[in-house]
Amino acid sequence: MSATRRSPLLSVWLLLGYTFLYAPIVILIIFSFNESKLVTVWAGFSTKWYWELFQDRQMLTAAWLSLRLALMSATAAAALGVLAGLVMARFGRFRGHNLFAGMITAPLVMPEVITGLSMLLLFVSMEKVIGWPDGRGLLTLWIAHVTFCAAFVAVVITSRLREMDESIEEAAMDLGAPPFKVFTAITLPIIMPAVAAGWLLAFTLSLDDLVISSFVAGPGATTLPMKVFSSVRLGASPKINALATIVVLFVSLCAVGAGILMFRTERQRKFEIQAAMRDTD
């Protein structure tokens, strides 16, 4: 009975929480169709700001650069995060384990200003000593983004591996499967939802990063957050609302697609386990 009496209050708090999180995004989407040049004054429905956005070559160039950078950074961070997660979850307490774990998780707690400045100093020193990288651009942005995104992926993968039943892997090795085969045929399919979640997290972090990118980007490599920030400093334009709406739509579609893929993968895995159990019986 007490749980029944508390349920309306919990529903209200849940509604308030969702409203707090998503009401600003809904308002932004609505005002992206505003006729007025003032972003806070509604003057009628119009799609002209989308048309003007697609005529802005600098904004589109920055968006395309950020999209490519996010895809490359998320993919590399997912690969490194899986390897780091395997080391922390499957290799036990080896010498230097605490140091390794601290180095992996350091970008999680390190201020972005410190990370960006240290990466800048590293690239400048390397260019003076060995001549690489030659200037700052997409390559330095990619290295910097992979550095801090891999930490988030590693945490996700490590937690999933520690929850996984190791007896499945041990049984496969007892039957003669080599470690690489066990990883590709058993471990990786089981942790694939976590890998997808880590990839999406890294993609979002890379697409959204401003501080670190400002340190390691060169004159010819302006990311979308850098372009938006410089535009807003001169006065907010309704084109920013239109751009944000497109980004929200794109990220939402990616999240929904990844969710459907993970759901199908998990359901297929359950069907295979049930079929294997029936065959055993």
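The values are calculated or read from the model by the stated rules, or taken from the named source; none is laboratory data. Predicted model, so just to flag it, every value in this text is computed and none were measured. So basically every Cβ, Gly included, is an ideal-geometry build from the backbone, and we count neighbours across all protein chains shown.
Things worth noting here:
- Cβ pairs under 7 Å, 6+ apart, first in segment 172-195 and within 14 Å of residue 83 (Cα to Cα), second part of a helix (DSSP H, G or I) and among the aliphatic types (A, V, I, L, M): 191/157; 191/161; 194/156; 194/157; 195/78; 195/82; 195/157
- In this structure, residue 234 does not qualify as under 30 Å from residue 39 (Cβ atoms) and at pLDDT 80 or above.
- Some residue of segment 261-275 being within 24 Å of the chain's Cα centre (by Cα) and without any contact (Cβ under 8 Å) to a residue 12 or more places away in the chain: yes
- Among the residues making up segment 249-264, those that are hydrophobic (A, V, I, L, M, F, W, C) and either under 16 Å from residue 74 (Cβ atoms) or in contact with a strand residue (DSSP E or B) (Cβ under 8 Å, 6 or more places away or on another chain) (or both) are 250, 251, 253, 254, 255, 258, 261, 262.
Per-residue answers, yes or no, for (1) over 28 Å from residue 63 (Cβ atoms); (2) acidic (Asp, Glu); (3) not in a helix (DSSP H, G or I):
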site	(1), (2), (3)
120	no, no, no
126	yes, no, no
136	no, no, yes
144	no, no, no
148	no, no, no
151	no, no, no
171	yes, no, no
204	no, no, no
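- Residue in segment 64-71 that is without any contact (Cβ under 8 Å) to a residue 40 or more places away in the chain and either out of contact with any Gly (no Cβ under 8 Å at 6 or more places or on another chain) or under 17 Å from residue 162 (Cα atoms) (or both) present: yes
- Residues in segment 122-141 that are surrounded by 15 or more Cβ atoms within 10 Å (Cβ to Cβ), touching a residue at least 12 places away in the same chain (Cβ under 8 Å) and not aromatic (Phe, Trp, Tyr): 5 in all.
- Count - residues of segment 26-43 that are surrounded by 17 or more Cβ atoms within 10 Å (Cβ to Cβ) and assigned to a helix (DSSP H, G or I): 1
- Candidates 178, 219, 238: the one that is under 25 Å from residue 60 (Cβ atoms), over 22 Å from the mean Cα position of the chain (by Cα), loosely packed, with under 12 Cβ neighbours inside 10 Å and not acidic (Asp, Glu) is 219.
- Selection over segment 44-53 of residues that are surrounded by 14 or more Cβ atoms within 10 Å (Cβ to Cβ) and either modelled with pLDDT under 90 or within 27 Å of the chain's Cα centre (by Cα) (or both) gives a count of 2.
- Filtered residues of segment 62-77 (kept if polar (S, T, N, Q) and either closer than 17 Å to residue 210 by Cβ or touching a helix residue (DSSP H, G or I) at 6+ places or on another chain (Cβ under 6 Å) (or both)): 66, 73
- Residues of segment 103-116 satisfying the condition of being assigned to a helix (DSSP H, G or I) and surrounded by 10 or more Cβ atoms within 10 Å (Cβ to Cβ): 103, 104, 105, 106, 107, 108, 112, 113, 114, 115, 116
- Test: residue in segment 6-18 that is over 21 Å from the mean Cα position of the chain (by Cα), modelled with pLDDT under 90 and of a type in the set (Lys, Arg): yes
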